[in-house]
Structures are given as C-alpha cells and as structure tokens.
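K.L.:
Please read through the structure below; I'll follow up with questions.
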Amino acid sequence: MTRFFRASSATLAFALAVAAGQVLAQDSAPSTDTMMNEQVKSYDWVRPQADFVRKTVMIPMRDGTKLFTVIIYRKGVSDAPILLSRTPYNADKSSSRNRSQKIEEILPVADAEFVNDGYIRVYQDVRGLDGSEGDYVMNRPLRGPLNKTKVDHATDAYDTIDWLVKNVKESNGEVGITGSSYLGFTSLMALIDPHPALKAAVPQSPMVDGWMGDDWFHNGAFRTFGFDYDLGQTVKKGGGSVPKGNGDEYTAYLEAGSAMDYAKAYGLTDLPVVRKVLEHPTYDAWWQGQAVDKLLGARKLTVPTMLVVGQWDQEDSYGAPAVYQALKANGTPSDMVSLVIGPWRHSQVNYEARELGPLKWEGDTGMQFRTRYMKPFFDCHLKTNPPACNTPPVLTYATGKGGWEVSQQWPAGAYTPLYLGANAGLSWTKGQAGSDSYVSDPAKPVPMLPRPIHMQGEEWKTWLVHDQRFVDGRPDVLSYTTGVLDKPVHIKGAPKVDLHAATNGRDSDFVVKLIDVYPQENSADPTMAGYELGIGIEIFRGRYVNGFSTPQALEPGKVYDFKWSLPNVDHVFLPGHKIMVQVQSSLFPLYDRNPQSWVPSIMTAKPSDYVKATETIHWGGDEASAVWLPVAQD
C-alpha cells in the first residue's frame, strides 16, 4: 500500500509539473502587439460549415477580355443543369444577399426552387462593369453597322457557356438563361447564334426597343426618369441619382425646361449615354438597329423561350410581347416560344407577389409562376432525365376575377370598339358626330401622380395602379364612362387606341387611359370604393402620326387619326363596375412636355417654344374615336 501510494504520488507530481510547464509556456508566448496593423487583406465569409460551394472566376472572352463570374451550387451536386444570368448590377452582390452559410439565404429568393433541386446558379458581370474587364456600352448593339467590334452580348454569352460546360465538372452540360429587365435583355441576346448547350431561356421584362415602348421613350415621348439610371449606371465615382434634392420632381423638371436644359443643369451631357439618347430623338436607324424584336424576328429561334412581363410593368412593358409577336410572325411554333403576363410591376415576378399597391391576389403569384410553370419549363429542357414538357402557349393572370388562365394564342379576344360619345359617354355602338375640347398648357402639365412626385421606391413601382380620381374633373382631362355593367367584360390582349383629334398648335401629345371604375360602396374593401384603376396607360407623340421615323408638324385644325396600343392585359371588368377612358395631353414629369409649337427636336426646345393649345377630340360619325378592346368569350 505504502509503495503504491508513493508511486501514485510521484505520477501525480509529474503530471502537475508537466501541466504547469505547459501553462508557463503558454504564458510566455508573445502577445499580440498593441500597435500591430489591424487591417487584414481578406476574409473568406464562406466558412467550412457552409452547405454550398461558391467560386469566383474570370472567364476569358474571344477578344481576351475576362468577365467576373460567380458559380454557386449546393455541396454534393452532380449531373446538374446550369442556370445563368448576365447582369450589370454586380454579380458578387447579387449572389450574396445575406452573409450566411445557407445557400437559400445568400441567393435571391427566386433561386431557392432551383438550387434546392440540384441546379448550379451562375451570375456574371457584363463587360466593363464591376469585376469584369472591358468597356461598358449600356445597350451594346449586335455586331454589325452599329458595332464594328467582334464582340457583343451574344458572343459573350456564347463564350461564357462554352467555358462553363467545359470547366464545371458538376454540371450535365445543359444551360438555361434567365433574368429580368437588363438581364432579360442579355438573355434575349444569348438567343442570337446561340451556343449548342443553351437549351432554354426565360427573359423577364426585357429591354427590347428603347424608343418604341421600353425604358427611354414611349411612342416618341421621352421618359425623364432615365437620367437617374444613366448617372447611377455609367459613372465610376460620384454616380447615383441626379443631385436635384428630394423635393417634388414635378417642380424640378418644370423649372429646368427641356430635357437638354435639365441635362445641362446637372452636368449630364458629360455622360456619353445621355448624349447618345439626346442626339437621337426620332426612330432612326440607330434605334431600329438595336431593336431586339427585329433582330430575333429575322432569325429562326432554336432555343425554347418563355417570355415574361408584368401587366403593370412601369419600365419595360413593351419588350416581351413585341418579341413574342415578332417570333410568331416568322412562324415560330408554340413549343418554341410562349408568353406569360402576370399581375406584377416591373420584375415583381422574382419577389413576393401577393399584392400590388391596393390590389390583392390569391396567394403569392410570383412563387406560383416560378414553381408551377417556370421551373418545370427549365426542368424539361435541362435535366438529364427530364420530365415531359407541358408549357402553356400563353399564360396570363386574370385580374379583376383572379386566377391563372391558359390561352392558345395572343391576343385571345376579338377586337371590339368601345366608342367615345356625347355627354362623356362610352358605348358599344357608334353615335352621331360631335367633339369635346380642352386647353393643354405646358406650364401646367397633368401630373402622373398626386404631388409631390418622387419617381422612386414604392411610389414609382406602383404608380400605374394609382387611383385616377386625382385628375378626373381637371379641365384639361376628358373622362368618358359607360353605364354600370350588367355582365363581365373580359379583355385579353393589347387594347388599341383609335383617336380622331385636332389641335390648333403644331404638335401635341395624347395620353389615353383605360380605367376600371369600382362601385362607390364597398364595405368589404373600403380602399377600393369608387377606385379608378388604370388598366392601361399610354402616350403618343403627335408628330409621328405618319411614321415614327418621319416626324412632321401638324396642320392646325386638321383632324388626324392617331393610332397606338395600350399595354397587354388580361382583365375582367366585373358587373357593377364601369369602364372609363380618359384623354389628356401630358403625363408629367415621367414624359417630357410637348411644346405644342413646331421644333425639330423637342429635346432642345426653348422656353418661348412652349405654348398653350386647344385639343379637340372627335367622336361619332365618320371620325369616331374608340378604344378597341380584345373581348374574350368566357
């Protein structure tokens, strides 16, 4: 016992001595110097416990330019399809929504359905922006008369896809492309001379024709909000919104004068992108050569494509339907091109979409579309053992009554005239001839929204669904209304304006609004009581009555037949509601003011050029103004 106790004591003493030595050794390790530089070169925020792999690479293009690319996939995936987006909005930030270790948290919410089913997600900076090399041209034209180089968005997409299928070993070699707005534009450009591995595309709210009806002009009328975008998009240092303060933009643009005056006041003419637009106020070869619907319509489509747009898209309502019509016109079958119109603002398809302003839908319509239609579309074209394709030729959401609808063609209604008439009425039958007049004063343009106006944030996103009662009753706005409907009127297509009008000036704009007037009493939803909901709002610049590339002065007093289309819709005017049509000559400050005298370019109009004009709207008889509605038979 004594011997054992002594041995145990010795062992314990030795252990204590070793431990003490270790503590002394630790205590003797040098501490961090108080004055050590505390800036660290880098930190990898993707930690070993992350459930994903995130790689950044510089992919070489055919001209030697390298484009910054982010590749993300869940750990363990193999034989995976690739879903690509090419963006001017920073690929690194787009793929790191949150600094998380969960793949659903770092990517945009719309990507969850894909990466959770084994897709590889790829984001790339377009050339010249953020991490990519090269020169940035906002709407880089296709190689040809406007682009003498050998590269464009089509070649960059081709070279990117070629590199991905050769170097991402986890992929199955099948690639899809998608994205909204600018990313919709780059998705469409990838369809021109496409890489063989590109098997499906879903361009959403794409920029297609910046003059006809997307970002920069609508039917010849210049959209001023583009100045802020230009300054934020093309300036490396000091970019952002135009530094005009946060006051009423109606006042800011009115006091500035013409578009050129405004641009000069804030130094925007230093920006090449601004100068290019101001130098091309008409629909000349410069604009026509960049129109993607014309480019695609002249080619055979070889990649199955689903075109998507929001019914109340405040930025790019024109593009997707225009491409659809161009492709159908050249014989493209329904299994190669389809059209989707959802109850959304610009790009809302990729976010929660349960409502828009005061309008509420049956669930999250964005998620419904992505899970029921968009992902199955990609699955059937990209997966190694794909399910059968069952893509609707045309998919729309019927606002007014609610619910998704499938049509075999678009438009899906028979065009029926709704005539303007006497006593501010609308009728399905043409009445006797007559007219109404109003004075349009460029010094007091009709506002697009109640003042003060700020074309940003929620105000901008929802302006198209704002209650139009704020202008109903103005002396320079004419309102025509049906009686109370006793049965539903379902329209599916783009309403067409046929406006017979005259001015005593030399030029004029005309704005037509198609409006759903709600019943005056609505206890279930008081917000909508008497609401005047814009279903379609669009402008036409009068000088283009005989052709968008051939502007000419209007002859005072002569009645012209102005024709244009409102945005594409699927809407039901319910029993108890009324249909209204409003006519006015300005929509400010979104659209620049028409001087109403003749000037070669409205962009450079002088203060003395802006004059009052009397506008006369004719109805009935041989000069019967109407809005032709694509009425569907339910």
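K.L.:
Rounded, prolate or oblate: which one fits region 276-370, using the alpha carbon gyration tensor with axes a ≥ b ≥ c (rounded when a/c is under 1.5, else prolate when a/b beats b/c, else oblate)?
P.N.:
oblate
K.L.:
Right, something else. Could you please tell me the mean projected area of the C-alpha convex hull for region 324-479, averaged over all directions and given in square nanometres to one decimal? Working shown, then result.
P.N.:
On the way: hull surface 55.6 nm².
If I average the Cα hull's projected area over directions, I get 13.9 nm².
K.L.:
Taking H placed 1.01 Å from N in the peptide plane, check which residues at least 5 places from Lys66 or on another chain put their amide H under 5 Å from its amide H.
P.N.:
Long-range HN contacts for Lys66: Met61, Glu133.
K.L.:
Follow-up question, since we're still on this one. Ignoring ligands, DNA and RNA, what percent of the accessible area of the chain is carbon or sulfur (1.4 Å)?
P.N.:
Here it works out to 52 percent.
K.L.:
I've got another one for you. Between Asn98 and Met35, what's the calculated FRET efficiency when r is the beta-carbon distance and R0 is 60 Å? Round to 0.05. Before the final figure, lay out each step's value.
P.N.:
On the way: r = 35 Å, r/R0 = 0.58.
That gives a FRET efficiency of 0.95.
K.L.:
Another question about this same structure. Per residue of region 361-371, in order, report the coupling 6.51 cos²θ - 1.76 cosθ + 1.60 (Karplus, θ = phi - 60°) as ³J(HN,Hα) in whole Hz, putting x for Gly and Pro.
P.N.:
For region 361-371, the Karplus curve yields 10, 7, x, 7, 5, x, 5, 4, 5, 5, 7 Hz.
K.L.:
Calculate, for the chain, the solvent-accessible area per residue in square angstrom, rolling a 1.4 angstrom probe over the heavy atoms of the protein chains.
P.N.:
About 42 Å² of surface per residue is accessible.
K.L.:
Hey, another quick one. May I ask you to derive the relative contact order of the chain, considering only C-alpha pairs under 8 Å and at least 6 residues apart, and to give it as an integer percent?
P.N.:
Details: 1405 pairs, mean separation 82.8, N = 634.
This gives 13 percent for the chain.
K.L.:
Moving on. Would you kindly derive the ³J(HN,Hα) couplings of region 123-136 from the backbone phi angles with the Karplus curve 6.51 cos²θ - 1.76 cosθ + 1.60 (θ = phi - 60°), listing them in order in whole Hz, with x for Gly and Pro?
P.N.:
10, 9, 6, 5, 4, x, 10, 6, x, 8, 7, x, 8, 9
K.L.:
Which entries of Lys148/Lys276; Lys166/Lys375; Lys66/Lys383; Lys93/Lys383 show an alpha-carbon separation above 19 angstrom in the structure shown?
P.N.:
Lys166/Lys375; Lys66/Lys383; Lys93/Lys383
K.L.:
While we're here: What share of the DSSP beta bridges in the chain is antiparallel, in percent to the nearest 5?
P.N.:
Once the DSSP bridges in the chain are tallied, antiparallel ones form about 70 percent.
K.L.:
Whose amide H sits under 5 Å from the amide H of Gly425, counting only residues 5 or more places off or on another chain, with H placed in the peptide plane?
P.N.:
Thr481
K.L.:
Which order do the peptides 530-541, 309-320 take when ranked by the mean count of other beta-carbon atoms within 10 Å per residue, highest first?
P.N.:
309-320, 530-541
K.L.:
Starting from the Cα of Lys558, draw a straight line to each of the lysines and keep only those under 30 Å, dropping any in the same chain fewer than 8 residues away.
P.N.:
Correct list for Lys558: Lys430, Lys444, Lys496, Lys513, Lys606, Lys612.
K.L.:
Another question, if that's okay. From the phi of every residue in region 373-382, what ³J(HN,Hα) in whole Hz does the Karplus formula 6.51 cos²θ - 1.76 cosθ + 1.60 yield, where θ is phi - 60° and glycine or proline is x?
P.N.:
10, 5, 5, x, 4, 5, 4, 6, 9, 10
K.L.:
Another question, if that's okay. Computed from the mean reciprocal separation of all distinct C-alpha pairs, what Kirkwood hydrodynamic radius does region 183-232 have, in Å?
P.N.:
Working: mean 1/r = 0.0801 Å⁻¹.
It works out to 12.5 Å.
K.L.:
Moving on to the next point. Counting other Cβ atoms within 10 Å of each Cβ, which trypsin sites (Lys or Arg not before Pro) in region 29-102 have at most 10 and sit in a DSSP loop?
P.N.:
In loop regions of region 29-102 (DSSP not H, G, I, E or B), the sparsely surrounded trypsin sites (Lys or Arg not before Pro) are Lys41, Lys75, Arg99.
K.L.:
Continuing with this model, one more query. Glu362 to Asp335: FRET efficiency via 1/(1 + (r/R0)^6), r the Cβ-Cβ distance, R0 41 Å, to the nearest 0.05?
P.N.:
0.90
K.L.:
Compare the peptides 487-494, 237-244 by average per-residue count of other Cβ atoms within 10 angstrom and give them in order, highest first.
P.N.:
Top of the packing list down: 487-494, 237-244.
K.L.:
May I ask you to list the lysines whose Cα is less than 17 Å away from that of Lys360, ignoring any residue fewer than eight positions away on the same chain?
P.N.:
By straight Cα distance, Lys360 reaches Lys401, Lys461.
K.L.:
With the Cα gyration tensor of region 155-270 giving a ≥ b ≥ c as the square roots of its eigenvalues, does the rule (a/c under 1.5 for rounded; else a/b larger than b/c for prolate; else oblate) give rounded, prolate or oblate? All intermediate terms of the calculation are to be shown ahead of the outcome.
P.N.:
On the way: a/c = 3.54, a/b = 2.42, b/c = 1.46.
It comes out prolate by the Cα gyration axes.
K.L.:
Which value does Rg/Rh take for the chain over its C-alpha atoms, Rh per Kirkwood?
P.N.:
On the way: Rg = 29.6 Å, Rh = 27.0 Å.
Result for the chain is an Rg/Rh of 1.10.
The values are calculated or read from the model by the stated rules, or taken from the named source; none is laboratory data. All figures in this text were calculated on a predicted structure; none of them were measured in a lab. Cβ sites come from the backbone with ideal geometry, for glycine too, and all protein chains shown count toward neighbours. Surface accessibility is based on the protein's heavy atoms, side chains included, excluding ligands, DNA and RNA. Shrake-Rupley method; radii C 1.70, N 1.55, O 1.52, S 1.80 Å.
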